[in-house]
Amino acid sequence: MQIVFRLFLAVFIASWSSILVRWIGDLHPLIIAFYRLFLSALLLLIYTNKRLIPTLILAKQYVWYIVFAGLFLAVHFYTWITSLQLTTVGNSIFLESTHPVFALILSFIFLKEKISVKIIPAFLLSLLGMYLTVSIDLGVDAEALLGDFLAILAAIAIAAYLLFARTLRTRFPLIPYLIYVYFTASAIIFIVILIQNINFISISASQWFFLFLLAIGPNLIGHSLLNWSAQRIPVYKVNMALLGESILATVFAALLLDEYPHLQFYFGAGLILCGIIMVFWIEQRLTKQE
């Protein structure tokens, strides 16, 4: 029960990510992604202080895991933040929320995590709900279509990233893992920033404020709790719970950004919630039977 509570707390906090990105304004997506990750890693490093030193030798054993996790995380944030600037919050977050499908495929292939056939209808129900929410606005113009496509790429990237968190669940302490991965991801993005000669210093006071909120809230607290959860329960369940982010973010966008969803959103959201409840309820019953 504690795991489920922390997981859904992570989903609630992570749901503010899209709103904060919009409030930041027209700052380049690479700059937003870089500071979100770098500031989070820096704050964690300050928190751990000398306690990080014993994990340095351990980190060498899993250096490629950390590199690839950082790469996928960097790709996720860049593609998703860019999609938010090209399409609506609703479309971006719902298409990015297709990650449970990719997580299911990846966890089956690489981790051999099998799920009960009884859960498949819940996945299909959620997919139908996502289709209903985005079908009207899907690719209304070339720019929005690109944003929709990038949101799907972000979904694949975050599913792959959480796969690495699940793989290292019993081999690596959580906070040192996050520090290494966040610094790695920010370093990859920073290299791209330098190559593209993007100005990463000229940032207004209000943008710095929202960047810190983004780093502390959705990233430091939200994503850290997601990693904590992914180390303890199957990846597809974590990704399934994350579907709730799409509903909350759309509601927040309506209340705070005046981006009101169409009528189909409410039907789609209802189906998604039913799918999430079904997965956790069925899994709980199967666990009790075993």
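Before moving on, here are some points about what is shown:
- Flag for S229 being hydroxyl-bearing (S, T, Y), part of a helix (DSSP H, G or I) and out of contact with any Lys or Arg (no Cβ under 8 Å at 6 or more places or on another chain): no
- Filtering Y177, Y182 for residues that are hydroxyl-bearing (S, T, Y), under 14 Å from the mean Cα position of the chain (by Cα) and either closer than 27 Å to L104 by Cα or crowded, with 18+ Cβ neighbours inside 10 Å (or both) leaves a single hit, Y182.
- Condition check for F164: over 23 Å from L7 (Cβ atoms) and either in a helix (DSSP H, G or I) or among the aromatic types (F, W, Y) (or both): no
- Test: residue in segment 62-81 that is part of a helix (DSSP H, G or I) and either more than 26 Å from I189 (Cβ to Cβ) or modelled with pLDDT under 80 (or both): no
- Matching residues in segment 188-211 - criterion: being surrounded by fewer than 16 Cβ atoms within 10 Å (Cβ to Cβ) and either small (G, A, S) or under 30 Å from R232 (Cβ atoms) (or both): S202, S204, A205, S206
- Cross-chain or 6+ apart pairs with Cβ under 8 Å, segment 69-85 first and surrounded by fewer than 24 Cβ atoms within 10 Å (Cβ to Cβ), then not in a helix (DSSP H, G or I): Q85/D26
- Complete set of residues in segment 142-192 that are among the β-branched types (V, I, T) and within 30 Å of Q61 (Cβ to Cβ): I156, I158, T167, T170, I175, I179, V181, T184, I188, I189, I191, V192
- Considering residues of segment 1-38 that are assigned to a helix (DSSP H, G or I) and free of Cβ contacts under 8 Å to residues at least 24 places away in the same chain only, the residue surrounded by the fewest Cβ atoms within 10 Å (Cβ to Cβ): Q2
- For segment 1-18, filtering for residues that are under 14 Å from the mean Cα position of the chain (by Cα) and either closer than 13 Å to F77 by Cβ or among the β-branched types (V, I, T) (or both) leaves 5.
- Matching entry among S40, S15 (being at pLDDT 85 or above, in contact with an Asp or Glu (Cβ under 7 Å, 6 or more places away or on another chain) and under 20 Å from V238 (Cβ atoms)): S15
- Check on L220, farther than 20 Å from R36 by Cβ and under 17 Å from the mean Cα position of the chain (by Cα): no
- Residues that are free of Cβ contacts under 8 Å to residues at least 12 places away in the same chain and either in contact with a strand residue (DSSP E or B) (Cβ under 9 Å, 6 or more places away or on another chain) or among the aliphatic types (A, V, I, L, M) (or both), drawn from segment 189-232: I191, L194, I195, I201, A205
- For segment 21-46, residues that are more than 19 Å from the chain's Cα centre (by Cα) and aliphatic (A, V, I, L, M) total 5.
The values are calculated or read from the model by the stated rules, or taken from the named source; none is laboratory data. Treat the numbers as computed from the prediction; the structure is a model and nothing was measured. With ideal geometry, Cβ positions are generated from the backbone for all residues, glycine too; neighbour counts draw on all protein chains shown.
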